[in-house]
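The next block holds one structure in the form of structure tokens; read it before the comments.
The values are calculated or read from the model by the stated rules, or taken from the named source; none is laboratory data. Being a predicted model, the structure only gives us computed values, none of them experimental. Glycine gets a Cβ as well: all are built from the backbone with ideal geometry, and neighbour counts include every protein chain shown. Side chains are part of the model used for accessible areas, which takes the heavy atoms of the whole protein and leaves out ligands, DNA and RNA. Shrake-Rupley method; radii C 1.70, N 1.55, O 1.52, S 1.80 Å.
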Amino acid sequence: MLELKGITKIYNPGEITEVCVFRDFSLRVEEGEFISVVGSNGSGKTSLLNIICGSIPVEAGQILVGGRDLTREKEYLRYRRIGRVYQNPALGTCPNLTMLENMSLADNKGKPFGLGRGVNRRRRDFYRQQLSALGLGLEDKMDVKLGSLSGGQRQAAALIMATLTPIDFLILDEHTAALDPKTAEVIMHLTDQVVREKKLTAIMVTHNLRYAVEYGSRLVMMDKGEIVLDKAGQEKKMLTVDDVLSLFTRISIECGN
């Protein structure tokens, strides 16, 4: 379980460009939830993910995982138990390394580094098994450099790499935004499949309202650092894209956008 309690985040404090993104913000994420987060630009969606991952510090509040306070824990330590897939398919993978080498790096996340070989070829069959579940033929590209693959193939590989080791949370940072519509549909289907099969707790930021409605067990809409809509379970299932779009449009008009 993840809890954000009384979070305050201010960018450029004391300067003319000071911006308060969150003030006394709280959010509770139950184990096994798949949350879709939507909102206009500047609503705090990406800042929320960065705060959870430790990429940016907070001025006040606590970040708790299973009751343990992670507020001051370093980013690289948090990533031992967090998997993240970024918007840019070029991030999260090493383009000049082969699929096997990338999978080996992901497999060693959180483990001590020594002077042994970085690639454990005895795990090759395990990596092939994980990739074959995607149905994209990536298991036959173990010796191909990732930089030569399409954006969708790299994003699919990044999804498997992010969930290869045991994690507490999967963070999806607009991970379909840079893909063409057909490929984005494939990646969303694969994402849902991986989350379900591995019983993950996931938080997905997306600008696609249909994905937010169709996928996941909970939908959260943010505006100016506050939650303005929070539906889970049966209430979430009853939501339509038009419902979410209507609220989104009304907020945009009130803000003058």
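Scanning segment 134-155 for residues that are within 18 Å of residue 183 (Cα to Cα) and loosely packed, with under 15 Cβ neighbours inside 10 Å gives 135, 137, 147, 148, 150. Against the test of being open to solvent by 30 Å² or more (accessible area, probe 1.4 Å) and over 22 Å from residue 155 (Cα atoms), the options 62, 87 yield a single qualifying residue, 62. Taken over segment 205-242, the criterion of being of a type in the set (Lys, Arg) and open to solvent by 50 Å² or more (accessible area, probe 1.4 Å) is satisfied by 210, 224, 231, 237.
Just wondering, is there one or more residues in segment 133-144 that are within 22 Å of the chain's Cα centre (by Cα), small (Gly, Ala, Ser) and at pLDDT 90 or above? No; the residues of segment 133-144 include none that is within 22 Å of the chain's Cα centre (by Cα), small (Gly, Ala, Ser) and at pLDDT 90 or above. Residues in segment 33-57 that are within 20 Å of residue 229 (Cα to Cα), in a loop (DSSP other than H, G, I, E, B) and touching a residue at least 12 places away in the same chain (Cβ under 8 Å) were compared, and the one that is nearest to the chain's Cα centre (by Cα) is 33. If you filter segment 16-32 down to residues that are farther than 13 Å from residue 2 by Cβ and part of a strand (DSSP E or B), you find that the one that is most open to solvent (accessible area, probe 1.4 Å) is 23.
Just checking, does segment 189-202 include any residue being closer than 26 Å to residue 9 by Cα and open to solvent by less than 30 Å² (accessible area, probe 1.4 Å)?
At the first step, the residues of segment 189-202 found to be closer than 26 Å to residue 9 by Cα are 201-202.
Checking which are open to solvent by less than 30 Å² (accessible area, probe 1.4 Å) leaves us with 201-202.
Yes, that holds for at least one residue.
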